[in-house]
1. Could you grab me the full set of residues in the range 144-184 that are farther than 27 Å from Gly319 by Cα, among the hydroxyl-bearing types (Ser, Thr, Tyr) and modelled with pLDDT under 80?
2. Test Ile50 against the stated conditions and say whether it is at negative phi and open to solvent by 10 Å² or more (accessible area, probe 1.4 Å).
3. Tell me which residues, restricted to the range 201-215, are assigned to a helix (DSSP H, G or I) and either among the acidic types (Asp, Glu) or open to solvent by 10 Å² or more (accessible area, probe 1.4 Å) (or both).
4. Of the numbered conditions (1) surrounded by fewer than 22 Cβ atoms within 10 Å (Cβ to Cβ); (2) out of contact with any His (no Cβ under 7 Å at 6 or more places or on another chain); (3) not hydroxyl-bearing (Ser, Thr, Tyr), Leu310 fails exactly one; give the number of that condition.
5. Please work out if Ser343 is touching a residue at least 24 places away in the same chain (Cβ under 8 Å), more than 22 Å from Phe51 (Cα to Cα) and in contact with a Ser or Thr (Cβ under 9 Å, 6 or more places away or on another chain).
6. With the structure loaded, tell me whether Leu363 is assigned to a helix (DSSP H, G or I) and open to solvent by less than 20 Å² (accessible area, probe 1.4 Å) or whether it fails that test.
7. Within the range 241-255, can you find the residues that are modelled with pLDDT under 80, assigned to a helix (DSSP H, G or I) and either closer than 18 Å to Gly145 by Cα or in contact with a helix residue (DSSP H, G or I) (Cβ under 9 Å, 6 or more places away or on another chain) (or both)?
8. With (1) aliphatic (A, V, I, L, M); (2) in a helix (DSSP H, G or I); (3) under 23 Å from Tyr167 (Cβ atoms); (4) touching a residue at least 24 places away in the same chain (Cβ under 8 Å) as the list, and Leu104 as the residue in question, which single condition is left unmet?
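The values are calculated or read from the model by the stated rules, or taken from the named source; none is laboratory data. The structure displayed is predicted, hence computed values, not measured ones. Neighbour counts run over all protein chains shown; Cβ positions are idealised from the backbone, glycine included. These accessible areas exclude ligands, DNA and RNA; they are computed on the full protein's heavy atoms, side chains included. Shrake-Rupley method; radii C 1.70, N 1.55, O 1.52, S 1.80 Å.
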Amino acid sequence: MNWKANLFVLWFGQFMVMLGMTMIIPFMPYYIQEMGITDPKAVTAWAGVIFAGNFVTAFLFQPLWGSLSDRFGRKIMILRSGFGMALVMVLMGFAQLPWQLLVLRLINGTISGYTPAATSLVAANTPKEKLGFAMGVLQSGTVAGTILGPLIGGGLSIWVGYRPIFYITAALLAMAALLAMRFVHEQFDRQHAAAQPKRSILNNWQTLRPYHQLQSLFGVTFLIQFALFSTMPLMPVFVQQLHGNTADLALFSGLVAAATGISNMIASPLLGRLSDRIGPVYILTICLLGASLTFIPHAFVTSVWQLLALRFALGIFIGGLIPSVNALLRRNAPEGMEGVTYSFNTSFLSLGNVIGPILGGLLAGLISIEGVFVIASLLFMLNFIWVRKSLQRT
């Protein structure tokens, strides 16, 4: 089996999924206004709840899909998620009230799981000596889609309106699933999987508990996402503080947002290849320390250009984090429980995505945005110490 062909197809699938899922982000508040909600406070409240709803149900249901992927295969989970999310996206385009959109976002999070299933499949079918490179390449597809999605979605919404974007997104998700159905080949021993005892989600968690490296990696994933997402929603406000209310404010906000993703996309495959040579634990520790040190000067910048340079540098270190974690999860996961392991990790990732923006916004009101940057630096330093203690020594 050609693992490189799988990697290429799933890279493209990851790109298409993230492109489609992030295309709707720029106009979500405006879509809510189109539904008849005009009070600004109500619009922002609905937008926040609707945005978070997807992550909440993803956090709850990912372990279930991971357990099923270990029993029936990862490819079927990719198809289930891709076609299922495509259908939900079509329905979002027909939503008439905010609560309907919220329910559909909750359903979308419930049936999601393309990324952990694709990651698990690539990890299980890639030679171990190439695992870091494969994880880095897969991450670059995720980041590329995340960068371009809001840009394309914002532009298309001007030309075609809001509702057609949901149909376009559905087409992209269905295309990703179709490509996987046709071109992805999985080595999966169904007889061996069927012979394994059936476990509940609680049983799976209890089985993984003695694997202390996995527990550490789950915690690292949560803290990484918490630190990143606690500062991400504050960036437009921080750019406004530095640059003022000028005509090109939106442009600079977009550049700052894109800088981290661009350097992340470039660095991920390179750091993944390097991790195959020196080990993912070393890449993880170096990148955690680098991210911690890079966040500190965020609190002292005086111009947008300084912030732009720091965000680009931060993206280089971020590019080595998730691929290293994914490679280490594969090396430490019990045989036959790779899907469950990646799904639990995705749950912790989703939890960080939910809690990070909420606490980041609250802390910014109490100690300023600059103070949140310092806290993010401390969280990455805590991660660094945690990895040194729990992983590097073993």
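1. Ser157
2. no
3. Passing the criteria: Ile201, Leu202, Asn203, Trp205, Gln206, Thr207, His212, Gln213, Gln215.
4. The number of the failed condition is (2).
5. Numbers: touching a residue at least 24 places away in the same chain (Cβ under 8 Å): yes; more than 22 Å from Phe51 (Cα to Cα): no; in contact with a Ser or Thr (Cβ under 9 Å, 6 or more places away or on another chain): yes.
In short, no.
6. Numbers: assigned to a helix (DSSP H, G or I): yes; open to solvent by less than 20 Å² (accessible area, probe 1.4 Å): no.
When the stated conditions are applied, Leu363 does not pass them.
7. Taking the range 241-255 and keeping what is modelled with pLDDT under 80, we get 243-255.
Next, from what is left, pick out any that are assigned to a helix (DSSP H, G or I): 243, 249-255.
Of everything in the range 241-255, those that are modelled with pLDDT under 80, assigned to a helix (DSSP H, G or I) and either closer than 18 Å to Gly145 by Cα or in contact with a helix residue (DSSP H, G or I) (Cβ under 9 Å, 6 or more places away or on another chain) (or both) turn out to be His243, Leu249, Ala250, Phe252, Ser253, Gly254, Leu255.
8. Every condition holds for Leu104 apart from (4).
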